[in-house]
Structures are given as structure tokens and as C-alpha cells.
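The structure under discussion appears below in the form of C-alpha cells.
The values are calculated or read from the model by the stated rules, or taken from the named source; none is laboratory data. As the structure is a prediction and not an experimental result, all values here were calculated from the model. Every residue, glycine among them, receives a Cβ derived from its backbone with ideal geometry; neighbour counts consider all protein chains shown.
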Amino acid sequence: MTDPILDIAKLSIIFASDAGPVEVVKSVSLQVGREIVALVGESGSGKSMIGRAIMGLSPRGATVTAERLRFEDQDLATLSERGWNRLRGSGMGLILQDPKFSLNPAHRVGPQVEEALLLHTQLSARERNQHALDMLEKVGLPDPEKIYQQYPAALSGGMGQRVMIAAMLINRPKLVIADEPTSALDRGLQDQVLTLLRSLTQEFGMGLLLISHDLQQVARYADRVIVLRRGAIVEQLPAAALSDARSPYTRGLWAARPSAATYGTRLPLFEDGEAAS
Ligand SMILES: Nc1ncnc2c1ncn2[C@@H]1O[C@H](COP(=O)(O)OP(=O)(O)OP(=O)(O)O)[C@@H](O)[C@H]1O
Ligand SMILES: [Mg+2]
């Protein structure tokens, strides 16, 4: 790994509940350099909570603590709201599962792709427009000029996800968090979008935290893998070593390839009380 872009030590996230506090992320330490790090684990293991905490987007009611929470030379634990806003539009980007929830249906695609440039740079309208067209082309969309003018409803799922990637990368973030970025797409499109993310990660020298259920898939795209179970890290290993991972939990996830139909459901393998470790 290169110098870490993101450096987290002992991150804990706790929710209050009627039955007392529930620790959904337990003392998680991880680093991301200029590489693809996959964060995997069964549904409910805390993947999205970690991703959101890194972006300063934890839900209400969550208590987030950490021994260290650093993004480059910034201490995220003490960042002001203004600092977060600046960081989210320039240093970090977030790609979610379904572009339908991230793109505003009432606005044309182009201005949404450009938004980070409008908010965080001094570029002129013409320059922003040119950057957006270049970026739409870079993510493999045909006829960028036409797509620029379209509304999100005119896009297929795969095109929408490419537009999201264009919008997230237009201001060249150092770190992108992609939370199940392809779960809403069919298998062929998943591979295309992950191939695109991988090549852009390399070209831009970014770090990518790729959150996924699908170990066999991340094994093909990630450099390293962090395996989570019930909020705690079970193991960290090179992606190439996944197929002969030692931990029974990781082996179980490897064998239980999820599909769109099982997305969001708990894998039957690890019902409560099960002894995998
Ligand atoms: N607002 C909330 N209040 C209380 N508990 C919550 C809240 N949001 C999430 N949780 C709990 O935090 C835990 C981790 O959730 P998280 O969404 O991070 O899981 P995940 O690994 O992303 O799962 P999935 O693969 O299904 O997306 C879960 O047990 C969830 O029920
Ligand atoms: Mg999630």
C-alpha cells in the first residue's frame, strides 16, 4: 500500500436502543491508499455504517468515536460542517447502489455532473461544461452532448450508474466510497461498471473503498479485502488470497455467492448463534 489516504483506528459506532446501546461497528481499524480495498460481510455487518462515518454522514442517533480518523492531513473527528461540505465535494466521493436515489429526476444530467465544479472550483460555465462532457465520455457514455441534456429518467440503470461515477469523479477526489455500486445491475453490466471503476481508480491515482456482498466479484477487482462480521473485522487479506482464506466465515461468504434476489437478506449460513469465527 502507498501512503494511506484514509487512516482509521478503532472506529466504533453505537446506537441507543430500548434494550441499551448497540455497538454496530466495533473497534474497526483500516487504511486505504491508492488502491481498491473491498469491505465485505453479510447483510447488517456494518459496511454501510463505516462508509457513511467516513463521509461524515452517520444517521441521527449514531455515536461515532475513533482513536484516529484521518483523511490525508485532516482530522475528520474535528472537522466543521463547512469543512465536511468542502471535503465531500472535492476530496471524497460517494457512489451508491442505485443512481435513481442519487440523481435528481427534475434536473438535466449535465448540471448534476458539473455540480461539484460549480460548488468547489472557480471554473467558468464553459469550462465546467467542457469538463462534464469529457467526463461523460471518459465513463464510456455514447454521445455525451445528448446525455448532458437528458433527464435521469431517460437513462438505463447502467447508464445512470456511469453518470453517477462521472459526477463523483469530476472534481478528482482522492477517495471514493462505492457502497454496492453494482447491486442494482445485471451481471454483465456489473463487470463493465467495476472494470470502469478500476481503470479510473488507477488513472486518477485514487483510493477506492468498494463495499460489496459478493466476494467472488471483488476478488477480481480489489487489491485487498477486509472482511467484517457483526461490526468487527474478521480478517484482512490480499484479494488474490480470498479463494483460500482460512477463516470459516470468509470461506462461507466465498461459497455463498449472493444474487440480486438475495440482496439485503441475511445469508442463511450465519444465523445467530452459529459458530463461525
Ligand atoms: N438508524 C439506525 N438505528 C439503529 N440501528 C441501525 C441504524 N442504521 C443501521 N443500523 C444497524 O446497524 C447495523 C449495520 O448496518 P449496515 O447498514 O452498516 O449494514 P451493511 O453491512 O451495510 O448491510 P447490507 O449488506 O444489508 O447493506 C445493522 O445491524 C443495522 O440494523
Ligand atoms: Mg449496506
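If you go through segment 140-155 and keep only what is farther than 12 Å from Ala166 by Cα and in contact (Cβ under 8 Å) with a residue 40 or more places away in the chain, you end up with Gln149, Gln150, Tyr151, Pro152, Ala153, Leu155. Taken together, Gly188, Gly158 contain a single residue that is more than 21 Å from Leu57 (Cβ to Cβ), away from ligand 1 (no atom under 13 Å from the Cβ) and touching a residue at least 12 places away in the same chain (Cβ under 8 Å), which is Gly158. Within segment 199-232, the set of residues being out of contact with any Gly (no Cβ under 8 Å at 6 or more places or on another chain), part of a helix (DSSP H, G or I) and under 15 Å from Gly93 (Cα atoms) comprises Leu200, Phe204.
Listed here are the strands (runs of 3 or more DSSP E) enclosed by segment 45-142 that have at least 3 residues being modelled with pLDDT under 95 and either away from ligand 2 (no atom under 16 Å from the Cβ) or within 21 Å of the chain's Cα centre (by Cα) (or both): 92-95. In segment 29-57, the residue that is surrounded by the fewest Cβ atoms within 10 Å (Cβ to Cβ) out of those that are among the hydrophobic types (A, V, I, L, M, F, W, C) and away from ligand 1 (no atom under 11 Å from the Cβ) is Leu57.
Candidates are the residues of segment 240-277 that are at pLDDT 50 or above and in contact with a Phe, Trp or Tyr (Cβ under 8 Å, 6 or more places away or on another chain); the one that is surrounded by the fewest Cβ atoms within 10 Å (Cβ to Cβ) is Ser243. When Ser27 is tested against (1) small (Gly, Ala, Ser); (2) at negative phi; (3) outside any loop (DSSP other than H, G, I, E, B), exactly one condition is not met: (2). If you check Gly51, Gly110, Gly93 for being within 15 Å of Ile13 (Cα to Cα) and not β-branched (Val, Ile, Thr), only one passes: Gly51.
Take Asn104 and decide whether it is touching a helix residue (DSSP H, G or I) at 6+ places or on another chain (Cβ under 7 Å), of a type in the set (S, T, N, Q) and surrounded by fewer than 16 Cβ atoms within 10 Å (Cβ to Cβ). Yes.
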